[in-house]
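What follows is a set of notes on a single structure, which appears directly below.
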Amino acid sequence: MSEAAGEQQAIVRLTACVRGRVQGVGYRFFARRAAVSLGLRGYVRNLPDGAVEVVAEGPRSDLEALLAALWRGPSGARVQDVEASWGAAAGGFGGFAIRH
């Protein structure tokens, strides 16, 4: 296995804070569906300030695909900004959940 291929398989964590019109429009369900379709683990939840937080772990290439989907959002959403940070995976997620 080449070093580049090994890097693609490394499991990392994406934490994204999505701002705009993203609450009350099915955004959490959209994010969960996108994450599950990519085989990612983590959660999505509404934040008190009106933003949506997404924490996901998996291969970086799959997380980048999720990030692109988060920018699109569902049809009723208007995404203004997605602040993303990357880090080491911590594990402990059994799937991808919607947290309340």
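The values are calculated or read from the model by the stated rules, or taken from the named source; none is laboratory data. Bear in mind the structure is a predicted one, so any value in this text is a computation, not a measurement. Neighbour counts run over all protein chains shown; Cβ positions are idealised from the backbone, glycine included. Just so you know, the surface numbers come from the protein's heavy atoms only, side chains and all, with ligands and any DNA or RNA stripped out. Shrake-Rupley method; radii C 1.70, N 1.55, O 1.52, S 1.80 Å.
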Top-ranked residue of segment 15-40 - restricted to ones that are in contact (Cβ under 8 Å) with a residue 60 or more places away in the chain and within 11 Å of the chain's Cα centre (by Cα), ranked as nearest to residue 67 (Cα to Cα): 16
Top-ranked residue of segment 49-100 - restricted to ones that are part of a helix (DSSP H, G or I) and of a type in the set (D, E, K, R), ranked as least open to solvent (accessible area, probe 1.4 Å): 62
Tabulated pairs, segment 78-100, first within 17 Å of residue 66 (Cβ to Cβ), second aliphatic (A, V, I, L, M) and open to solvent by 40 Å² or more (accessible area, probe 1.4 Å), C-beta under 6 angstrom, 6+ apart or interchain: 89/11; 96/36
